[in-house]
Each structure stands twice: as structure tokens, then as C-alpha cells.
Amino acid sequence: MRANQNKNNKNNKNTRLIEYIDLNQQQILKKLEISQFGLTPDEVITQRERFGDNNLKAHKMNVLSAFIKSFFSPFNLILIIIDTFSFYTYATEGKNPFDLFGALLVLIMILLSGTIYFVQEIRSFLVIKKMKYENKQMCKVIRDVNFKINDIDNANSIKLIKEYISLENSELVQGDLIYLSNGDLIPADIKVVWSNNLYLNQSSLTGESFPVQKKITNAKENYLEFENICYMGTEVVSGSALGIVLSTGQNTYFSEMNDKVTEKRPVNSFEKGIKRITLLLISFMLATTPIVFLVFGLRTDDFDHRWLSAALFSISIAVGLTPEMLPIIVTANLSRGYSKIKKEKVLVKNLNAVQNMGAIDILCTDKTGTITSGEINLDKVFDIKNQKNPYIEEILYLNSYFQTGFQNPIDQAVLLSKNIKHIDVEEYKKEWEVPFDFKRKILSVILSKNEQKQIFTKGAIEEILKICNRIYINGEIKELTNEYKEKIINKSSEFNNEGFRVIGIAHNSLEDEDIEEDLIFYGFATFFDQPKKTSKAIIKQLLDRGITTKILTGDDEVITRAICKKVDFKIEKLYTGKEIEAMDEQQLAKAVIRANVFVKLSPMHKSLIIKTLKSQQHVVGFMGDGINDAPVLRESDVAISFKEASNIAQEAADLILLEESLLPISAAVYEGRVSLANILKYIKVTVASNFGNVLSVLIALFLTLAEPMQPLHLLAQNLLYDIVMFAFIFDKVDKNFTDKPRPLKTKNIIWFTIINGPVSSIFDIVTFLVLLYAFRQQIGLEPGISANIEIPKEAIAKFNASWFVVGLMTQTAVMQMYRTEKIPFLQSNGSWQVNLSTVFVCLMAIIIPFTPINKVLAMQTPPWAFLGVAISFVLAYVCLAQVVKMGYIKMFKEWL
């Protein structure tokens with residue numbers, strides 16, 4: 001593993017840090033080509049020219065790229081081509097205003113869907129920019145001192161520290177000497193040259209909840225664990241240090257994570273689905289259009305113009321096959337999902353992420369700050385008999401309250417805990433303090449009450465036992481024998497193995513100056529990185545929705561197992577980063593499916609696991625908040641982060657949770673699946689319906705010379721039908737659809753079209769035959785395609801109006817059958833918007849042909865007797881459609 005890691009590191013711009021970790025102070029100065037600690041003005045200029053400034057690559061929105069992505073998607077390109085043909089037809093063939101209206105309508109749909117996407121991209125960028133911490137960061141730099149120091153020690157460190165000045169982080173150059181103290185953000189990659197109990201919070205990089213110590217020497221080999229390197233973006237928890245800048249700006253490890261955000265992201269599940277559907281529709285049109293061309297061309301007797309007419313007719317059929325409302329329907333559905341998710345306090349940066357949330361079948365997540373709060377909490381305080389004792393709590397509380405040295409999360413956890421009683425500290429007066437020391441691992445405060453001095457001590461169990469000779473048991477003070485010591489150590493080990501941090505608590509009344517000797521051991525305090533309140537619930541909810549959760553963490557196995565136990569997460573199989581690296585591709589492919597917990601992972605390991613899962617046709621989400629999570633977030637199909645996350649993680653995310661609760665993830669999954677269901681209703685039903693209409697028109701060509709429908713009628717029918725389609729954005733979705741992951745796939749769309757489309761054609765053809773034969777005299781239209789037959793315009797107008805009634809009503813009413821795999825009205829009801837729009841359009845299918853409105857659309861009133869026949873056809877059609885649907889479901893085991 002180490003060889004592979006080092007090989008990868010050598011190809012990395014950050015390998016320069018490795019060259020410095022073992023160098024002493026004089027060797028560092030020589031390698032950096034500077035004369036002393038504290039750069040002169042000339043050296044600052046030289047270093048800036050050689051290595052650049054301390055600025056990261058700015059994240060700017062590529063407006064042109066966002067515009068192209070929004071307005072020129074593959075399907076939009078098809079519509080643009082078709083719409084161009086429509087404008088051309090209008091300009092060259094009589095300039096019918098209704099042709100222009102139809103062309104403008106499609107153009108408006110393209111512009112509207114593109115604008116919604118584009119505005120959403122801009123809005124998300126501005127929101128993220130606003131969320132960033134925009135105040136200029138400052139650091140303490142030591143430059144141009146009037147004395148020369150080549151070797152920093154305890155004596156001269158104070159002299160140097162007194163010379164520091166505050167500068168903006170961007171002013172730093174390689175070789176600068178930095179003074180670090182409590183609360184500072186590390187402004188660059190720095191090597192420690194002098195340290196006074198320096199502790200950093202590196203959780204954003206490594207996932208480790210507890211602070212890590214930084215010193216002048218290093219005994220670790222892992223890149224992020226170097227003990228004498230402070231990484232840009234981490235934070236000083238306590239202590240102080242002097243460090244020399246080794247890497248700035250673009251050369252830092254932080255920058256490498258930052259750059260990952262600007263890289264082109266892999267195509268996600270939704271984008272793949274849209275691409276497949278676009279290619280499928282193009283293929284369908286290319287296969288159908290030549291057939292229509294040949295049928296029409298061989299039918300007519302007009303030899304001079306028949307092939308031109310056939311070409312124009314086949315192109316119009318291609319237009320008719322195209323679900324021209326698809327972009328706006330998709331956008332509207334995703335926008336509705338976005339607005340629903342937004343109410344759950346979630347920022348959706350990318351509209352496509354709405355559907356991707358519904359598609360994921362695996363959610364990978366970091367542990368620290370995602371499943372857990374990332375904050376240390378006091379679990380309980382107890383004695384050797386596991387009994388709670390208020391006096392032990394009092395000792396611990398007073399120690400944490402009065403200590404002023406090492407500001408660590410343990411003291412903060414004690415002071416904020418609701419598990420122990422907060423006593424009246426006014427009764428005590430602080431005398432002095434023995435601060436925490438890394439070697440002693442003990443902290444003591446000496447307080448006086450009623451002129452009696454007492455010592456309150458906490459620290460590592462082994463070190464506490466060294467200064468105790470007695471033990472408190474059941475209200476008695478007994479000798480601390482080896483047997484008791486063994487029990488104490490074993491109890492501590494048990495809690496350590498469960499993922500707890502354990503400290504010992506001791507106390508004594510002072511009679512002399514031997515303050516940390518012969519103390520009484522009172523008990524234990526255990527601390528835990530507490531899981532978020534909603535972690536257990538979200539894991540269960542996701543499992544109920546068919547989503548497998550996998551934990552990918554940089555933390556160790558013991559702590560991870562403890563967290564999993566806390567949230568009732570059953571570990572199926574666990575692998576470490578070393579084990580992952582030792583696997584070949586086949587072994588890895590099996591391992592990522594078999595295991596649900598991975599520990600001691602680097603960002604490279606996490607990205608590899610997600611990439612391997614995606615290669616096996618899984619749709620993978622990732623949830624993380626750290627700097628090192630950025631490349632992993634980019635690799636996933638949908639990336640989830642948090643408001644408190646690092647700026648880099650927020651840049652890489654698709655969704656940002658604005659509150660601590662994880663439950664909005666489940667809501668986002670549900671809304672994503674609802675959006676997909678209503679998108680699929682439009683795609684499948686519209687393509688099948690359009691195919692049925694085209695098939696009906698083709699057959700009609702051999703029944704009569706009259707065109708069943710004029711372009712104007714087709715436009716009116718489509719406009720009314722689209723009202724129902726828009727209403728389906730708000731439709732209810734069956735529970736069994738939302739209970740399983742739903743990626744956007746082309747599976748069975750062709751079969752759906754071929755099987756369900758001709759059902760409408762059956763009734764269209766029957767309608768033609770009834771009109772041509774049963775209502776021959778009322779309509780005035782002769783059957784047949786002989787060139788000698790004269791067709792009165794009034795007859796054509798009545799024929800068109802009659803088919804308009806049946807065509808629009810069947811196309812609209814059948815949506816009630818197709819919207820659900822269940823029996824409509826009895827087992828599944830549509831939303832009120834769908835029901836109302838269905839009734840409205842069906843009424844319009846009757847009102848338009850049978851009232852004076854028909855004059856506007858160049859129709860003639862059909863025979864009133866035909867109205868009863870038309871309604872019976874509609875009822876028969878929806879019944880047959882239900883039967884065919886049930887057969888289809890039995891055959892393909894699915895509907896939408």
C-alpha cells in the first residue's frame with residue numbers, strides 16, 4: 001500500500017511537503033534559499049516571483065457554459081430543428097397564421113424551459129457565494145526583524161513572537177514565518193519549527209473528531225497524518241507554535257481539493273437517461289418517417305408532386321411523433337420537486353439533482369459531521385461500580401470550569417452537558433492550576449472553599465492511576481490495590497472498544513504542597529461523538545425506500561463500529577483502505593457490494609468505491625462535509641452536503657441541508673420519484689398516443705382522400721391535450737412507485753408505444769368507417785381513394801370535426817387509465833388538477849365542434865347522432881385500454 005501511495009504522491013504537486021518533514025531548521029532555510037527566519041522585503045519579492053501568491057483558484061460561474069447547457073440540451077436541439085422547419089413552412093406555404101402560432105408556441109416552450117434551468121443555475125451560484133465567509137482572513141507573520149535567528153528555541157521564540165504583524169492571508173509567500181495561536185485558521189501548508197502544546201482540529205480533512213497534536217518531529221508516514229505539518233484550512237484548538245510556510249495558494253493540499261470542484265463532473269444518472277430517451281426518440285422517428293414517405297408517395301396519382309408531398313407529409317409526421325412539450329414538462333416537474341424540497345430547508349443547486357435523488361439506490365456517507373454531529377458529548381459519569389454519583393460529577397465540572405489552559409472539546413462537552421448537575425461555582429476560589437501537558441496527560445485545578453484547599457484532577461486513566469493511592473467505593477475510601485487498578489483499566493478498555501473516549505477523575509483535600517500525589521480515584525467520564533438525532537431514522541427510512549446505506553470514513557474501525565451500533569446500523573462486512581488497495585478489479589467489484597462499512601479511507605479510496613459501484617449500474621449518492629470530501633462528492637450521481645460544511649464541499653454539492661436534520665433526504669428521495677413518475681407519464685403516454693395518431697392517419701390514407709385532421713385542428717388538439725399534461729405535474733403517484741429507486745431509463749418505452757398506441761388506432765379506424773358508411777349521407781363524404789371522387793369542403797369540415805371529438809376525448813380520458821397501474825377511481829385517484837383538467841378538455845372536445853366556435857377552426861357541426869356514438873367509443877376505449885394495461889403489466893412486470 002505504502003509503495004503505491006508514495007508513487008501517487010510523487011506525481012502530486014504537494015509532494016514537496018514530504019521533502020521537508022525530516023529536515024532540521026538549518027536545512028529548511030538552505031532548501032528554501034533564505035538567510036534567516038523572518039523574510040526581508042527583498043526575499044518576500046523574490047519568493048513571490050518564484051512561487052506565486054497565496055490565492056486559490058477563484059470559482060467563477062461559466063455563464064456561457066450554463067447558457068448552452070440550459071438551452072441546447074440534446075432534446076432541445078431536436079425541437080429547434082423541427083421548429084426551424086415549421087417557420088420555413090410558414091414562410092413558404094401561404095403564411096397561415098396558425099402555422100406561425102404553432103411554431104411560436106414550440107419556441108416559447110424551448111425558451112421557457114431553458115430560462116428556468118438557467119435562472120436556477122445563477123440563483124444557486126449566488127446563494128452559495130452569499131453563504132461563504134467573505135471577510136478577509138488575517139494571519140500573524142514575522143518579517144524583517146532586526147536580529148538574526150537561524151535556530152528557534154524556547155528562549156528566542158518569545159523574541160520572535162513579539163515581532164509579529166497582521167497580514168492578509170493572500171500576502172503570504174513561501175518561507176514566511178507564522179505565529180499560530182488559539183482560534184487561528186491555518187493560512188497555508190506550514191512546517192512546525194517550534195511548538196507549545198499545539199493542537200489542531202483536522203476533522204475537515206481526516207474526519208477525526210478529536211484534536212491532534214502538532215510538534216517539530218514526525219513519526220507518521222501517511223500524508224495527512226504528518227505530525228509536524230499544519231495543513232491549510234485546519235484550525236488551531238489550543239496551544240501556540242511558530243511555523244514556516246512551505247506551500248501557498250495553488251500548491252497547497254487544500255488547493256488540490258479546491259481544483260477538484262472545477263473539474264468536469266462525470267455524467268450523472270439523469271443526464272444519461274435524458275440522452276438515452278433522446279436517442280430513442282430520434283431512432284423511432286428515423287425508422288417511422290421513411291415508411292410514411294413510401295406509403296404516401298405510392299398512394300397518390302399526382303406523379304409530378306407526389307414525392308415532394310410525401311416528403312413534406314413525412315416530415316410533419318416526424319413532428320407529430322415528437323413530444324414537443326418534453327423540455328418544459330421535465331423542467332416543470334423538477335421545479336415542482338425543487339419547491340417541495342426547498343420547504344424542507346434544503347438548497348437545491350442543480351435541478352437535475354431532484355430526479356437523481358429519486359434514482360439513487362445506494363447512499364454512501366462519511367461518518368463525522370454527517371451521521372454524527374462532529375461534536376464531542378459527555379455520555380456519563382460513574383464510579384467503579386457503574387453507579388452515578390453527584391460528587392464525581394461535581395469534581396469533573398469544577399475542573400472543566402476553572403481550567404484556563406488547554407481549550408479542548410472535552411471541557412466544552414462537560415460544561416454544556418445536561419447529563420450532570422451544574423453546581424454553584426461562586427463557593428469556590430481558584431488558587432492555581434497545573435495545566436494539561438502532553439507527556440503527563442493530566443490537568444489539575446486547585447480550588448479553595450471555606451479556606452480548605454482541594455485538588456480536582458482529570459486525565460488519561462493510566463496517568464491518573466499513577467498519582468492515586470486510594471479509591472472511592474460505595475461511600476468508603478479504600479486502598480487502591482493492584483486488583484482495583486486492573487479492574488479500572490479493564491473497564492476503561494471496554495468503553496474504548498465501544499468507541500468512547502474515557503478519562504479518570506480524582507480528588508483530594510490538600511494538606512501540603514504535594515498536590516498531584518496520593519489522590520483518591522473517584523471514577524470515570526466517557527465521551528462520544530454523538531450521532532445526530534435523525535441518523536437512526538434516516539437510515540431506516542432510506543432502507544424502506546429501497547436505498548442501501550454504506551459508510552465510507554477515514555476514522556478507525558473501533559469508533560466506526562460503535563457509531564454503527566448507536567444508530568442500529570448492522571454491519572454486513574467491513575473493509576479497510578489497505579484491504580481495498582490490495583484488491584484487483586474483480587475483487588473490488590464484489591467487495592463494494594458485499595460490504596456496507598469501509599474504514600481508514602483516503603479520498604482516493606472513497607472515489608474508487610463510488611466509481612466501482614456506478615460501473616455496476618448503481619445510482620450512487622454521497623453525503624460529506626469535509627475538504628477532502630470534495631472529489632468524492634464530484635464523483636457521485638448526486639452530492640449532499642451541509643450549511644456548516646467547508647466551502648469546497650458546498651461548491652461540489654448538488655443539495656445542501658440547511659438544518660441539522662437528515663430527514664429532508666428522505667423527502668427529497670420521495671419528491672424525486674414523484675417527479676420521475678409524472679415525467680414518465682408524459683413521455684410514455686404521449687409517444688404512444690402520437691404513434692397511434694400517426695398509425696390512424698396512415699390507415700386513413702387508404703380509406704378516403706380527405707385528410708382526417710388539418711394542421712390547425714392538430715394544433716388545437718395538442719394545445720388542449722397539453723392542459724392535461726401540465727396538470728399531471730401535480731398528479732398523485734402510487735405508493736409502490738415511490739417505494740423503489742427509479743432511475744430515468746428507456747426500458748420498455750418502445751414496447752409500451754407499440755402495444756398501447758394501436759389501441760387508440762382501433763377506435764380511430766372504427767370512427768372513420770362509421771363516418772364513411774353509417775353517417776355517409778349526413779357527412780357527405782364518399783369512401784375510397786379514387787382520383788375521380790370529388791370531396792366537398794363542407795364534408796371535409798364535418799369529417800374533421802367528428803374525428804376531433806373522438807380523438808381528443810379518447811386521448812384525454814385514457815390518461816386516467818394510464819396514470820396508474822391500478823384500477824382508476826376505485827384503487828387510485830388522480831389529483832384534483834388532473835380530474836378537473838380532464839373534465840374540462842373532454843367538454844371542450846364536444847363544445848368546440850358542436851357550437852359556433854367551430855367556425856374559428858374551420859369546422860362544420862357533426863351530426864348530433866354521432867355524439868352518442870363518440871361517447872360510447874370513448875367508454876369502450878378506456879375499458880379496452882385498462883384490459884391491455886393489465887396484460888402489459890403481467891408481461892413486463894411494470895407499468896411506468
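The values are calculated or read from the model by the stated rules, or taken from the named source; none is laboratory data. As the structure is a prediction and not an experimental result, all values here were calculated from the model. Backbone-built Cβ (ideal geometry, glycine too); neighbour counts: all protein chains shown. What goes into the accessible areas is simple: the full protein's heavy atoms, side chains included, and nothing from ligands, DNA or RNA. Shrake-Rupley method; radii C 1.70, N 1.55, O 1.52, S 1.80 Å.
Overview of results
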item: Positive-end residue of G807, A797, W895, charge dipole of segment 773-896 with Cβ unit charges; result: W895
item: Net charge of Cβ neighbours under 11 Å - reference I464; Lys, Arg +1; Asp, Glu -1; result: +2
item: Shape call, segment 375-530: gyration tensor on alpha carbons, a/c limit 1.5; result: rounded
item: Cα gyration tensor, the chain - rounded (a/c under 1.5), prolate or oblate; result: prolate
item: Computed accessible area, Y721, all protein chains, 1.4 angstrom probe, square angstrom; result: 10
item: Proximal aspartates and glutamates relative to K485, as straight alpha-carbon distance under 20 Å, when same-chain residues fewer than 8 apart are discounted; result: D383, E462, E463, E476, E494, E516, E517, D518
item: Cβ-derived FRET efficiency at R0 35 Å, I489 paired with K590, nearest 0.05; result: 0.30
item: M886 paired with A219, simple spin-label distance in nm, labels 7 Å along Cα-to-beta-carbon; result: 7.6
item: Charge dipole (segment 375-530, unit charges on Cβ, about Cα centre) - positive-most of L465, F528, P390; result: F528
item: Using a Förster distance of 30 Å, the FRET efficiency for C879-W832 (Cβ separation, nearest 0.05); result: 0.80
item: K536/T851 FRET efficiency (R0 56 Å; Cβ-Cβ; nearest 0.05); result: 0.35
item: Debye log10 I(q)/I(0) at q = 0.12, 0.17, 0.27, 0.31 Å⁻¹ for segment 441-494, Cα point scatterers; result: -0.34, -0.65, -1.15, -1.20
item: 19 Å Cα cut-off, lysine pairs counted over segment 146-221 (separation 8 or more, or different chains); result: 5
item: Within the chain, helix-based [θ] at 222 nm, where runs of 4 or more DSSP H residues each add -39,500 (n - 2.57), nearest 500; result: -16000 deg cm²/dmol
item: Residue-normalised accessible area of the chain, given per residue in Å² at a 1.4 Å probe; result: 44
item: Size of charge dipole - segment 624-676 - debye, nearest 20, with Cβ of Lys, Arg +1 and Asp, Glu -1, no other charges; result: 140
item: Lys, Arg +1 and Asp, Glu -1 on Cβ, resulting dipole of segment 459-573 about Cα centre, debye, nearest 20; result: 1440
item: Anchor K732: aspartates and glutamates whose Cα lies under 14 Å away (excluding residues fewer than 8 positions away in-chain); result: E671, E821
item: Entries of K367/K550; K453/K491; K421/K566 with Cα pairs more than 20 Å apart; result: K453/K491; K421/K566
item: Relative contact order for segment 625-668, counting Cα pairs under 8 Å that sit 6 or more residues apart, in percent; result: 36
item: Sorted largest first, extent of segment 502-567 alpha carbons per principal axis (Å); result: 67, 22, 13
item: Dipole magnitude (debye, nearest 20) for segment 375-530, charges at Cβ of Lys, Arg, Asp, Glu; result: 440
item: Cα-based Rg / Dmax (Å) for segment 758-871; result: 16.2, 54
item: Heavy-atom accessible area ranking, 1.4 Å probe, most first, across M844, M886; result: M886, M844
item: Accessible surface of the chain [probe 1.4 Å, protein heavy atoms]: carbon and sulfur percent; result: 56
item: Farthest toward positive dipole pole in the chain [+1 Lys/Arg, -1 Asp/Glu at C-beta], among F495, A310, I80; result: A310
